[in-house]
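One structure, as structure tokens, below. Some questions next.
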Amino acid sequence: MNNHHESIGSSDTQQITLRGPAELADALPYLMGFHPNDSVVMVALHGGRGRFGGRLRMGIPSAPGEWAPVADQLAQCLVAGSEKREARPDAIVVFLCQDPAEGESASQTMERLRPFAQLLRTACGALDVPVLEALCISDGRYWSYCCPDARCCPVEGNPLALPGTTVMAAAAAYAGVQVRGTLRDMEAQLAPGESAQAQEQERALDSAGAVLVSRILDVHGRGEVASETLALARVLMRRLESAPPVGAAGSDAADDALVTPEEAAAVILGLQDRETRDRAAEWMEGREAETALRLWRVLARRCVGPYVEHSAAPLTLAGWVSWSTGDESAARVALGLALRADPHYTFAQLLHQACNQGLDPETLRRCLREERGSREAGERHGSGAQEPAAPRQERAAGKQERAAGRQARTAGRPETGSDRPRARLRAAKRPRRVTDRPARVAAPRPGSATARRRARETRRLGHQSAEGHI
């Protein structure tokens, strides 16, 4: 067996030394904050004692033909990102985590993934960074791809340690580190379900879309919809905050019961406007952040049927609030889902990049505080009365997006290999979103071709939403 000495922690904190594959496999959930099922995880090691550094995660590609380019991309991302953050890694540890497919044993899963492990080792070696250990974790067992000694690494694998029985588990409990189930469980908490309630929610979204979309496309109606959306979101947050506490197991269902389909539809569609979404991002600290996060999770679960793509807005807000309040694991999951819903959603791209690079969210928080303070001061003194709402929101949103972009660019290329959005099949018909539409929409001349086209689009929106499917 390969004898490893990887330490966790800095020189002025408690350090834990991990020796061998068993302790490495046990440490993985504590490094990530969850059990990364169906994932490849790569962790950089620094120094002679192998201090843990940067890490990245992405889903294991289902097609073996994708493994070689993905291996090259992951190796380059981890090495380049580590160089920009602190230093070039001295070694890398690789984890391949996947449960057996139907009719497959865990040993067969390990053998099926062996070529991928070898490609990852070769890609890292080409960058002059050796892979110190490569482990496969499947169905409660682990295997080493690097250790040829069957006495310590048998063909049938070794069982993982029982939860809570290792030194790493004790140290994590002492430090307050929590492992919140599997990645699949965390994603399920943000995903819409299939039920009679989902059908009712889809009908509410159809009805609200027929009214709100045309109003958002109007330069005057847009500001009114923004105010109505934010006011309703505030009402829902107060309702969530005043609700009696329930156990963790039933908290999601209890929150869902407090928001009607019509209320959820109105806020979901209102948040498709970029400036409205950015105003909502100001609810990012203290108790306000806690209730806002609960609301964004409820709304993400309500983006059902053909409205899945609309979930990019509440998921991005959930990721931002999680990151702002220090929960990076939950932030990465939410932002990864947002990019899966809409790979081109700019705000999610910037936040995901900055979060993956381990940057401080205070830069964006400070920008949002300044915008909120300036707006509230203007409202108190009446200084903003002469300016339409849309241009003010456009400038504020642009400033916030530039702040997020500057922060993300300071770290160079992101570790976008982690949580890479999965391909989605899209039907030709789907409800239209207005997130990236410019803030100023000129009113068309009555009777013009533009006016006739917009009328047709508005009518089509009302009809398409019932038959579209993603």
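The values are calculated or read from the model by the stated rules, or taken from the named source; none is laboratory data. None of these values were measured; they are calculated from a predicted model. Note that each Cβ is placed from the backbone with ideal geometry, even for glycine, and that neighbours are counted across all protein chains shown. These accessible areas exclude ligands, DNA and RNA; they are computed on the full protein's heavy atoms, side chains included. Shrake-Rupley method; radii C 1.70, N 1.55, O 1.52, S 1.80 Å.
Open to solvent by 10 Å² or more (accessible area, probe 1.4 Å), among the basic types (Lys, Arg) and touching a residue at least 12 places away in the same chain (Cβ under 8 Å): does that describe residue 302?
Details: open to solvent by 10 Å² or more (accessible area, probe 1.4 Å): yes; among the basic types (Lys, Arg): yes; touching a residue at least 12 places away in the same chain (Cβ under 8 Å): yes.
Against the criterion (open to solvent by 10 Å² or more (accessible area, probe 1.4 Å), among the basic types (Lys, Arg) and touching a residue at least 12 places away in the same chain (Cβ under 8 Å)), residue 302 qualifies.
Confirm whether residue 271 is open to solvent by less than 50 Å² (accessible area, probe 1.4 Å) and at pLDDT 95 or above.
Working: open to solvent by less than 50 Å² (accessible area, probe 1.4 Å): yes; at pLDDT 95 or above: yes.
Spelling it out, residue 271 is indeed open to solvent by less than 50 Å² (accessible area, probe 1.4 Å) and at pLDDT 95 or above.
Moving on. Could you list, in sequence order, all residues of the stretch 45-71 that are crowded, with 18+ Cβ neighbours inside 10 Å and modelled with pLDDT of 95 or more?
Matches in the stretch 45-71: 67, 70, 71.
Let me ask you something else. Kindly provide the set of residues from the stretch 353-376 that are under 20 Å from residue 338 (Cα atoms) and open to solvent by 10 Å² or more (accessible area, probe 1.4 Å), ordered by number.
Looking only at the stretch 353-376, we keep the residues that are under 20 Å from residue 338 (Cα atoms), and these are 353-359, 361, 364.
Residues satisfying the conditions are 353, 356, 358, 359, 361.
Suppose we keep only residues that are under 22 Å from residue 98 (Cα atoms) and in contact with an Asp or Glu (Cβ under 6 Å, 6 or more places away or on another chain) within the stretch 140-167. Which one would you say is modelled with the lowest pLDDT?
Only one residue fits best here, namely 161.
In the stretch 89-131, which residue that is out of contact with any Gly (no Cβ under 9 Å at 6 or more places or on another chain) and among the acidic types (Asp, Glu) is least open to solvent (accessible area, probe 1.4 Å)? Can you show your working first?
Taking the stretch 89-131 and keeping what is out of contact with any Gly (no Cβ under 9 Å at 6 or more places or on another chain), we get 92, 94-105, 108-109, 111-130.
Those left that are additionally among the acidic types (Asp, Glu): 99, 102, 104, 111, 128.
Values: 99: 84, 102: 190, 104: 45, 111: 92, 128: 130 Å².
Ranking the qualifying residues of the stretch 89-131, first place goes to 104.
Residues that are part of a helix (DSSP H, G or I) and under 18 Å from residue 334 (Cβ atoms): does the stretch 192-206 have at least one? Before you say what the answer is, go through the steps one by one.
Filtering the stretch 192-206 for residues part of a helix (DSSP H, G or I) gives 196-206.
Right, trim to under 18 Å from residue 334 (Cβ atoms) and you get none.
No, every residue in the stretch 192-206 fails to be part of a helix (DSSP H, G or I) and under 18 Å from residue 334 (Cβ atoms).
Quick one: which of 305, 326, 336 is of a type outside the set (Ser, Thr, Tyr), on the phi > 0 side of the Ramachandran plot and touching an Asp or Glu at 6+ places or on another chain (Cβ under 6 Å)? Before you say what the answer is, go through the steps one by one.
Details: 326 fails: touching an Asp or Glu at 6+ places or on another chain (Cβ under 6 Å); 336 fails: on the phi > 0 side of the Ramachandran plot.
Just one listed residue meets the conditions, 305.
Can I ask one more? Kindly establish whether residue 82 is polar (S, T, N, Q) and modelled with pLDDT under 95.
On the way: polar (S, T, N, Q): yes; modelled with pLDDT under 95: yes.
Taking the combined requirement at face value, the residue satisfies it.
What helices (runs of 4 or more DSSP H) lie completely within the stretch 223-342 and have 1 or more residues being charged (D, E, K, R) and within 26 Å of residue 365 (Cβ to Cβ)? Steps first, answer last, please.
On the way: elements: 251-257, 261-270, 274-280, 286-301, 312-324, 328-341.
The qualifying helices (runs of 4 or more DSSP H) are 251-257, 274-280, 286-301, 328-341.
Please find, within the stretch 204-221, the residue that is surrounded by the fewest Cβ atoms within 10 Å (Cβ to Cβ) out of those that are closer than 15 Å to residue 271 by Cα and not hydrophobic (A, V, I, L, M, F, W, C). So that I can check it myself, show each step before the final result.
So in the stretch 204-221, the residues closer than 15 Å to residue 271 by Cα come out as 205, 208-209, 211-217, 221.
Still in the list and also not hydrophobic (A, V, I, L, M, F, W, C): 209, 214-215, 221.
Details: 209: 24, 214: 17, 215: 17, 221: 15.
My answer is 221.
Checking residue 259 against (1) open to solvent by less than 10 Å² (accessible area, probe 1.4 Å); (2) closer than 27 Å to residue 344 by Cα; (3) free of Cβ contacts under 8 Å to residues at least 60 places away in the same chain, only one condition comes out false. Which one?
(2)
Among all residue pairs at least 6 apart or on different chains, which show Cβ distances below 6 Å where the first residue, located in the stretch 93-120, is in contact (Cβ under 8 Å) with a residue 40 or more places away in the chain and the second is among the aliphatic types (A, V, I, L, M) and open to solvent by 10 Å² or more (accessible area, probe 1.4 Å)?
From the stretch 93-120, the pairs are 93/132; 94/131; 97/137; 98/60; 119/68.
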